[in-house]
Amino acid sequence: MRFRTGRTARPRLLAGIAAITMLVAGGVALAGDDGENDPLEPMNRYFFELNKFFDTILLKPVATWYDGVVPEPGRDGVRNFLDNLRSPVILANDLLQGEWDRAGTTASRFGVNTTVGVLGLFDPASNWGMKQHSEDFGQTLATWGTGEGPYLFLPVLGPAPPRDLTGFVVDSAFDPLTYIYWDRPKTVPVTRFVVNGVDQRARSLKTFDQIERTSIDFYATVRNLYRQSRASEIANGQYNFDTLPDINDLTFDTNEPNTPGMRP
Amino acid sequence: MPRHASMRAVIAPLVFCAALTLGLFHAAAPARANDDPKAFVDAVAVRAIAIISDDAATPKQREEAFRDLLRETADLDRVAAFALGQYLRTPTPEQLAEYRSLVENFIVKVYVTRLTDYNNEKLEVLSAQMRGDTQAIVKSEIRFPGGRPPVTVDWWLVKSGDGYRIFDINVVGIWLAQEQRSTFSSVIRNSGGNFDALLEHLRAQIDKAEKGDLSGIAKLD
């Protein structure tokens, strides 16, 4: 009995953390706001450095090893399997967003890849015109009009502003695995989380190094890349030209002869 | 993890493309495609690929080729002004002069010269869309030999005087100049509005690129 409470407490704990951070972050955001909406920046930077440290001593070496030892078909199989396992979550969010076509694609992909694709190790559905896409409850909230909220960077999770952190918690409620392993040892869910992280890291070894090298402030760059990539995911890769900044009259001496609004 | 991981997946090919596309800048230089944005991007791509795939060139020569291309095909002044965001009016004329030359060096040395491996990728121009009379967005894809899915690249062009110039590039959903603006203003803001802090950071990064060059990246493959 004792053990049971211990295990079931975890999702609740996560939900609790999400609720608290939303309150805290929300409260601080009201207090003061700069251009970046990052009121907890000192704390976020601390966790960022912490994650970077653990990346350097643990995740990156493991990912580098994985990348070197496991041949590419093997890694692709792992990726496909994990992606397929996520299908129920993607499907739930497709439906909640009213994306019926994409929901159909997700369901068909799951059927095809689980059977023809040998339990999801292969991705034949992609070759049959059913391309993979990702959805999560953070994106669903965004399509319902919820703002991202103040930026938040957490240990292990990484960038997790309130909307997306909430999405992370709700997504685990959409995931059948959560219930299958509700009061059993968490070996499988934990292994999945770890392997997923290692595989993702292995796929971005070079990229992350390069982004760090090409940035004069890695934390600020990651913050912006996170926001831009989220915005792009939410819009399913589309953007509206009209919403881009107005740069027509932008020069270093706009004040001088060509003041905006005074164009000939 | 999913949050963080998905971001990584999205930006994975980012730097490569940044480098390639910046390379493309230079490439388009002599393009006299004054009125056709698609032809302009096409010409930039051809020139950039020529620079990247020239195995005989020394790193120094490649750098200079990129610099020429950048000067000819990108609207560097507009990019540099945009990247300052709300701090556009804060630098003194001396600071501004140094900033402009640092930005060019930053792009050439930190981004572009990282691009060392060219594996027959092709840039396919897909469509163009106008915004008013002077701006256009050209959509394109980088296609890889072998099964890898293509990467989308959008080009935001601005007509200035004689023809189009590149203002910003969007790689898999991320605008590079917007990222620079966010990072640059963050550096200035975090040092209490001190513009010199930005210059220092730029100098330091360029310096690192010159000294460290490809170490660390070369190790990976």
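What the Cβ-Cβ distance of A:ASP101 and B:GLU94 gives, at R0 = 51 Å and to the nearest 0.05, is a FRET efficiency of 0.35. Close amide-amide hydrogen proximity is noted between B:ALA74 and B:ILE166, each under 5 Å apart and 5 or more residues distant or on a separate chain (H modeled in the peptide plane; Pro and chain starts excluded). At 37 °C and 0.692 mPa s, grab the translational diffusion coefficient of the stretch A:49-186 from Stokes-Einstein with a Kirkwood Rh over Cα pairs, rounded to a whole number in µm² per second. Using the Kirkwood radius from Cα pairs, D works out to 194 µm²/s.
For B:LYS109, a cut-off of 17 angstrom between C-alpha atoms picks up these lysines, skipping any fewer than 8 places away in its own chain: B:LYS60, B:LYS208, B:LYS211. The heavy atoms of A:GLU41 present about 20 square angstrom of accessible area, all protein chains included, probe 1.4 Å. The lysines whose alpha-carbon is closer than 22 Å to the alpha-carbon of B:LYS159, local same-chain residues fewer than 8 away aside, are B:LYS38, B:LYS139.
Summarising the amide proton neighbourhood of B:ARG131: residues at separation of 5 or more, or on other chains, whose placed amide H is nearer than 5 Å comprise B:ALA136, B:ILE137.
Please state, as a whole number in µm²/s, the translational diffusion coefficient that the Stokes-Einstein equation yields for the stretch A:105-193 at 37 °C and 0.692 mPa s, with Rh defined as the Kirkwood radius across alpha carbon pairs. The diffusion coefficient I find is 214 µm²/s.
Each residue, B:ARG131 and B:ARG148, gets one label point 7 Å from its Cα in the Cβ direction; the gap between the two is 2.9 nm.
The values are calculated or read from the model by the stated rules, or taken from the named source; none is laboratory data. All values derive from a computational prediction rather than experimental measurement. Every residue, glycine as well, gets a Cβ built from its backbone with ideal geometry; the counts of neighbours run over all protein chains shown. Note: areas computed on protein heavy atoms with side chains; ligands, DNA, RNA excluded. Shrake-Rupley method; radii C 1.70, N 1.55, O 1.52, S 1.80 Å.
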